[in-house]
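One structure is given below, encoded as structure tokens.
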2 protein chains.
Amino acid sequence: MALPGPLLTDLAALLGPRLSTTAADRALHAQSESYMTAGQPDAVVYPNSTAEVAQIAALCAQHGVPLVAWGAGTSLEGHALAVKGGVTVDFRDMNRVISVHPEDMLCTVQPGLTRLALNHALRDTGLFFPVDPGADASLGGMASTRASGTTAVRYGTMRDGVLGLEVVLAGGEVIRTGTAAPKSSAGYDLTALFVGAEGTLGLITELTLRLHGQPEATSAASCGFADMAAAVDCVITTIQTGLPMARIEFLDPATVAACNAFSGTDLPLCPQLLVEFHGSPEGVAEQAQRFGAIAADFGCTGFLWAKATEDRSRLWKMRHDAYRAILASRPGATAVVTDVCVPISALAQAVEETRADIAQSGLPGPILGHVGDGNFHAILLIDPANPQETATAKALATRMAERALGLGGTITGEHGVGMGKLPLMEAEHGAAWAVMGQIKRALDPQNLMNPGKLVPQPKVGS
Amino acid sequence: MALPGPLLTDLAALLGPRLSTTAADRALHAQSESYMTAGQPDAVVYPNSTAEVAQIAALCAQHGVPLVAWGAGTSLEGHALAVKGGVTVDFRDMNRVISVHPEDMLCTVQPGLTRLALNHALRDTGLFFPVDPGADASLGGMASTRASGTTAVRYGTMRDGVLGLEVVLAGGEVIRTGTAAPKSSAGYDLTALFVGAEGTLGLITELTLRLHGQPEATSAASCGFADMAAAVDCVITTIQTGLPMARIEFLDPATVAACNAFSGTDLPLCPQLLVEFHGSPEGVAEQAQRFGAIAADFGCTGFLWAKATEDRSRLWKMRHDAYRAILASRPGATAVVTDVCVPISALAQAVEETRADIAQSGLPGPILGHVGDGNFHAILLIDPANPQETATAKALATRMAERALGLGGTITGEHGVGMGKLPLMEAEHGAAWAVMGQIKRALDPQNLMNPGKLVPQPKVGS
């Protein structure tokens, strides 16, 4: 559908050339990193202030037109696809660091700023923002999907990293949540409600983030194991020991092979853990020594240390490129990315049953993950032209999610619901899912904010 | 008002002697630790299962009768006072540890269990639940007020400590929030919404809590300073340095005097910091050494170390008894307890301006607090028979809260809203307060769950 003429006129008057209805712009905002596709937005807008976002929301509400937020386009579940058309709000131009308060270890940023750009801006402060989902995602998008990644085992997720928000609600009202104080008991935790809401309750226009001191010393290593069970059991023991790992990542042999081919590395072709330690020089040495002892107990076949900054950068770049490396390992393939998270005690069972299930399917499905959190992914590689493979992969993904639920876990550790996990929400939440729907209707009675996502959907015809 | 006869009949059939309408029981549940008073509940019920709570909620909804949750009665803002009458649900008999999962560092408990009873039950597991508000509060109440206390600087607040909940909603439906996985991105964070909701959205009937390893080594000390500014500046520097303090508490000289008199201790009569370090023996020694160096920079006038367990117990018992000690320092007095929290960089200004304001008022108002979080309390001692003193104290408390807001902080760091902070909610949240009201109406359209609290109240006559 086309947008109402009066809405287009008003948006053009407000935004000038920062309103686009070109086929190219609309197509660009109908893409995602996932295998999912959906309709296109009818227009794309590029606001440069909260006031503009508020006016856009007010105008769209007048005309009953949906609004979808767009950050860096790196989400993996099709969160930002405009399944009901409408206006996509691209935060490209709202990418400033508004303020940094080193003495309180806080900063306030606009939602279009990416995490790498933020850390670049912070480089001389001695502070950094640790949440690291791999992709150079926008911070607004990371908040909206409650992202985490390699460092969550030490520094927490976006749930922990966001102290306050400015949000434009459906209809255009602007609210602020949270304060700059480290904690508060003053009513409902609206910050936590908007973090992970995937744009269904409002558009985040400002974020106050908790920063951390850059570690005085850092060291990292890869270490190989004879089999997956040994590697996973090593992780479980490490976490249960309370060792403050900064990162502890698992790669299965297929992932290692893909990474070696893509990044020119030469990790031994066996299950690998990639670990990192942060602290004082003595603290890092002690942690590394204690981890080494645990790894030896589980038959670690060798450590490769990356003590120099450039070696560590190479190691983590390889890890961050793993998704692309795995995609490249099957030319022409697209991926069904899975994202389960289980209690740490169930990790070995979850990984082993997943491995066996993938092996039986005949699809390539390398496994990797932030195993210190009990979170892992299988990247199921499919030929997009082969509907049978797509169906097989989706069935595998559903079984993984159901297996995670059976073990007390969750259908998504960090990627969010988007389009891919919506059919599994009731299985995870039961009657609580309807409560999410009640909250959605209370804050967005016209169902204009990223409609078609996260909450129970109206039945067709009702 | 009396409850409808059919409701009483049905509650009696369900609960037998665990329904009480005696004057003594009703009066007992109209008391609080605060200076506030309100009406009495019309009945008190003592359920012993979630199913009973659900039936109670369903029956009350049928008759439009309010429900107020009651834990240990230790809240400081009158949260559990039945300002609209109705039924008080006392969780005294729902006080079991349901399960402990040491391998996942989790436990599931009923809401009437107190924190000390939980830690007693955990004593042989090597684990503990760290959130410590001082009073032996119930865990359901601690969750509902988003409590924290002396250890939040290291282990976080109830926001961090609660991983999942079972909640009975208005009308009696039972939902579960969260999973046993360490993190999740599966939709709205309902756990965070119910934590801090003060019973206005539902009745918590089960909590899954994150446990921590008992520290291998612990050491604690008190250290005196020449003036308050030096002590507070020492805290600010310590936190900014990133030292992982387990506790860092401030007592002003009036608090020290009251504690010495009440607990038989002999701390020097100067501003004191009480600190605790957790970790490996080497780690604790290193932390203590680093903190000692910072304290020396700020002119610390002497350390008293409490290395033996019984010495530490005595130190923290003295701290936990500080409220009672301060009350006892003015016989017959009651207290207006304040609870502001500010960004750490604003702590010195907030404390000093508060001290000057109290001095000018002529009221006794010892200051103490969890200053590592920027959180402090003035205990304003008033003669309850003297309305002028009450008015002076309330005006002081309001100015403290407004000062905290002006410095980027919050009106309540850990005590919650209850009756005392309700008039200040709009000043803190602005338009976001109305969003809390929208959520409340969506989940509790009859306004039966702890009515009169937390959200904007209907205007009289509307």
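Could you please report the charge total around B:V89, scoring K, R as +1 and D, E as -1 over all other residues with beta-carbon less than 13 angstrom from its beta-carbon? Neighbour charge sum, excluding B:V89 itself: -3. The alpha carbon centroids of region A:1-50 and region B:130-203 are separated by 40 Å.
Computed from Cα atoms, the angle from the helix A:387-406 axis to the main principal axis of chain A rounds to 80 degrees.
With a cut-off of 19 Å on the backbone N, the residues of region A:201-220 near the modelled label site 7 Å out from A:E103 along Cα-Cβ are A:209-213.
Residues whose amide H comes within less than 5 Å of that of A:H79, counting only those at least five positions distant or on another chain, are A:M419 (H built at 1.01 Å from N in the peptide plane).
Percent of C-alpha pairs per 20 Å bin in the protein assembly as shown, short distances first: 14, 46, 34, 6, 0. Assuming a ≥ b ≥ c are the square roots of the Cα gyration tensor eigenvalues, decide whether region B:222-261 counts as rounded (a/c under 1.5), prolate (otherwise, with a/b larger than b/c) or oblate. Judged from the Cα gyration tensor, region B:222-261 comes out oblate (a/c at least 1.5, b/c at or above a/b).
Here chain B was treated as a single set of alpha-carbon atoms; its pair distances binned every 10 Å from 0 give 4, 20, 30, 26, 15, 4, 0 percent.
Each Lys and Arg contributes +1 and each Asp and Glu -1, all at the Cβ; summed about the Cα centre of the protein assembly as shown, the dipole is approximately 1120 debye. Our helix-only sum for the protein assembly as shown, with -39,500 (n - 2.57) per DSSP H run of n ≥ 4 divided by its residues, gives a mean residue ellipticity at 222 nm of -11000 deg cm²/dmol. Between B:A2 and B:S361, full extension at 0.36 nm per residue minus the direct alpha carbon distance yields a gain of 124.9 nm.
Backbone N atoms of region A:287-320 closer than 13 Å to the 7 Å Cα→Cβ label point of A:T241 belong to residues A:287-300.
Taking the convex hull of the alpha carbon positions in region B:280-391 and averaging its projected area over all directions gives 9.0 nm².
For chain A, the relative contact order works out to 16 percent when only alpha carbon pairs closer than 8 Å and six or more residues apart are counted.
Modelled label positions at A:L116 and A:E173, each set 7 Å beyond Cα in the direction of Cβ, lie 4.0 nm from each other. Between B:A395 and A:A12, the modelled label-to-label distance comes to 6.1 nm, taking each label 7 Å out from Cα in the direction of the beta carbon.
Distant-in-sequence amide contacts of A:L127, defined by a placed amide H-H separation under 5 Å and a gap of 5 or more residues or a different chain, comprise A:Q214. Shown for region B:156-266 is the translational diffusion coefficient from the Stokes-Einstein equation, using the Kirkwood radius over Cα pairs, a temperature of 10 °C and a viscosity of 1.306 mPa s: 88 µm²/s. When the square roots of the Cα gyration tensor eigenvalues are ordered a ≥ b ≥ c, the ratio a/c for region A:93-213 is under 1.5, which makes its shape rounded.
Is the shape of region B:325-406 best called rounded, prolate or oblate, per the rule: a/c under 1.5 gives rounded, else a/b larger than b/c gives prolate, else oblate, with a ≥ b ≥ c the square roots of the Cα gyration tensor eigenvalues? In terms of gyration-tensor shape, prolate. For region B:113-203, GluC sites (Glu not before Pro) meeting the loop criterion (DSSP other than H, G, I, E, B) and having at most 12 other Cβ atoms within 10 Å: none. Mean projected area of the Cα convex hull of region B:5-92, taken over all directions, amounts to 5.2 nm². For region A:217-318, the spread of Cα positions along the three principal axes, ordered from largest to smallest, is 36, 31, 16 Å. Restriction of the GluC sites (Glu not before Pro) in region B:260-359 to DSSP coil positions whose beta-carbon has at most 14 other beta-carbons within 10 angstrom yields no sites. Each residue of region A:1-148 gets 115 Å³ once the volume of the Cα convex hull is shared out per residue. Relative to the dominant Cα principal axis of chain A, helix A:50-63 is inclined by about 60°. Using the Cα coordinates of region A:267-327, the gyration tensor eigenvalues translate into equivalent-ellipsoid semi-axes of 22, 17, 9 Å, sorted from longest to shortest. Karplus-derived 3J(HN,Hα) values for region A:154-161, using 6.51 cos²θ - 1.76 cosθ + 1.60 with θ = phi - 60°, are 9, 10, x, 9, 5, 4, 8, x Hz; glycine and proline are entered as x.
Longest stretch of chain B clear of exposed loop sites (trypsin sites (Lys or Arg not before Pro), DSSP loop, at most 13 other Cβ atoms within 10 Å, sites excluded): B:124-306. Between the amide H of B:G164 and those of B:T208, distances stay under 5 Å, these residues lying 5 or more places away or on another chain, with hydrogens modeled in the peptide plane.
A simple rule links phi to the HN-Hα coupling: the Karplus curve 6.51 cos²θ - 1.76 cosθ + 1.60 with θ = phi - 60°, which for region A:138-150 gives 6, 5, x, x, 4, 5, 5, 9, 6, 5, 9, x, 5 Hz, with x for Gly and Pro.
The numbers here are math on the coordinates, done by the rules we state, and not lab data. From a predicted model like this one, the values you see are computed outputs, not experimental measurements. Cβ coordinates were reconstructed from backbone atoms using ideal geometry, including for glycine residues, and neighbour counts include every protein chain displayed.
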